[in-house]
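The values are calculated or read from the model by the stated rules, or taken from the named source; none is laboratory data. In this text the structure is predicted, and so the values were computed from the model without any measurement. With ideal geometry, Cβ positions are generated from the backbone for all residues, glycine too; neighbour counts draw on all protein chains shown.
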Ligand code: SF4
């Protein structure tokens, strides 16, 4: 990696900003600002810094509507908002998807609009940590804050995730390297363990790497639980791991003072899906008969957890909530985005702060090309290619203040550091404008 000269040419430093990238929500960043642009970021990892010092070439700057030739053309805000409001007001089965990279304040407006028109509201959990949320509902959740892990944990286990690549400061800021109240020697006071079929970058720096077979997660965790309950393992090798190693690891896990298990999509998306999470939670419950253990999902987007918390608080359900009968309903496989799109139910799709064009399976994507799509975002992406109306928002945590929830459910205020481009509007303002205009259309037609 080439050496980069530190940035010295800046007008001011905005301290203690929050990174709007991964679920670690690092809130100790300093932005170096010159001429209303962030020209440097201190303390962030490369992922966070590259997003914050965004590539202006990709920025959506003006409202656009697709014309009869299939081209997106610039229009004024009133034209774009009126057209979007008309589509929503006249739709029978609208679906509002995304929300994980915007503020709680914007989600609140989105929920008002959803309830008013009887739409479905859903977020990225539907295709990522949905099995985690289901498992939490099934068997409960031995939760903690990342601060507790920093101060207390002497064993940290990562499974189905590779934080060195996906959440780069997770180890250095919260779990492994920092000195904590009861862990004054930092890394030297902790054992780092990775359970993963792959020799990931996190596995490379771990004290113990357990390479169980692909899709062997459930069997492996089940074997640890059996040992904890005093059973004898009948097979010599379980999920590719010799039984002696499983017994040794289990004993080590019972002897720590405070253990923390972190799991990612590698666990939620192997064959046993939410049952993997069920058994991981049950493992942690069993370990608590011996010593203190906690667990936490490694959430990806900086506010994906915030949406699930917000919607659960407001409606009692975490994602995929359908208001078409006038009251909230939640049924995985029925009211969740991919299933609705595969059944070709939605007739209008609004995507905010997400990129289904890049991530949805073919069948769902095909239906999106056949119905009107409204996009609210700050960047051009595959979803812009299928959007009929584009409404450019602002960058939460850089251009607009807002609230987000870290992966451990701690709410964080994200500061504004610079002014947004004059032609863009705040996400919250856009969604509220849509709500007001939809109301006007509906009331006029009564
Ligand atoms: S670890 Fe995540 S939140 Fe922290 S600076 Fe990196 S990308 Fe941003």
Exercise. If a residue has to be part of a loop (DSSP other than H, G, I, E, B) and either without any contact (Cβ under 8 Å) to a residue 24 or more places away in the chain or within 15 Å of the ligand (Cβ to nearest atom) (or both) to count, how many in segment 1-38 make the cut?
Worked result: 16
For this session: Out of 437, 425, report the one residue that is buried (at least 18 other Cβ atoms within 10 Å of the Cβ) and in a loop (DSSP other than H, G, I, E, B).
Result: 425
For this session: Please indicate, with yes or no, whether at least one residue in segment 339-352 is touching a helix residue (DSSP H, G or I) at 6+ places or on another chain (Cβ under 8 Å), assigned by TED's automatic domain parsing to the domain that holds residue 427 and more than 17 Å from residue 96 (Cβ to Cβ).
Result: yes
Exercise. Of the residues that make up segment 116-127, is at least one farther than 28 Å from residue 213 by Cα, in a helix (DSSP H, G or I) and out of contact with any helix residue (DSSP H, G or I) (no Cβ under 8 Å at 6 or more places or on another chain)?
Worked result: no
For this session: Report yes if some residue within segment 30-40 is at negative phi, touching a helix residue (DSSP H, G or I) at 6+ places or on another chain (Cβ under 6 Å) and at pLDDT 95 or above; otherwise report no.
Result: no
Exercise. Going by the conditions given, is residue 73 surrounded by fewer than 14 Cβ atoms within 10 Å (Cβ to Cβ), more than 16 Å from the ligand (Cβ to nearest atom), over 20 Å from residue 390 (Cβ atoms) and over 28 Å from the mean Cα position of the chain (by Cα)?
Worked result: no
Exercise. Looking at segment 132-146, is at least one residue within 16 Å of the ligand (Cβ to nearest atom), touching a helix residue (DSSP H, G or I) at 6+ places or on another chain (Cβ under 7 Å) and modelled with pLDDT of 95 or more?
Worked result: yes
Problem set entry | Considering residues of segment 39-66 that are in a loop (DSSP other than H, G, I, E, B) and closer than 19 Å to residue 423 by Cβ only, the residue nearest to the ligand (Cβ to nearest atom) | 54
Exercise. Of the numbered conditions (1) in a strand (DSSP E or B); (2) outside the structural domain of residue 62 (by TED's automatic domain parsing), residue 416 satisfies every one except a single condition; which is it?
Worked result: (1)
Exercise. Which is within 16 Å of the ligand (Cβ to nearest atom), outside any loop (DSSP other than H, G, I, E, B) and in contact with a strand residue (DSSP E or B) (Cβ under 6 Å, 6 or more places away or on another chain), of 149, 157?
Worked result: 149
Exercise. Is there a residue being closer than 17 Å to residue 70 by Cα, touching a strand residue (DSSP E or B) at 6+ places or on another chain (Cβ under 7 Å), touching a residue at least 24 places away in the same chain (Cβ under 8 Å) and surrounded by 24 or more Cβ atoms within 10 Å (Cβ to Cβ) anywhere in segment 340-348?
Worked result: no
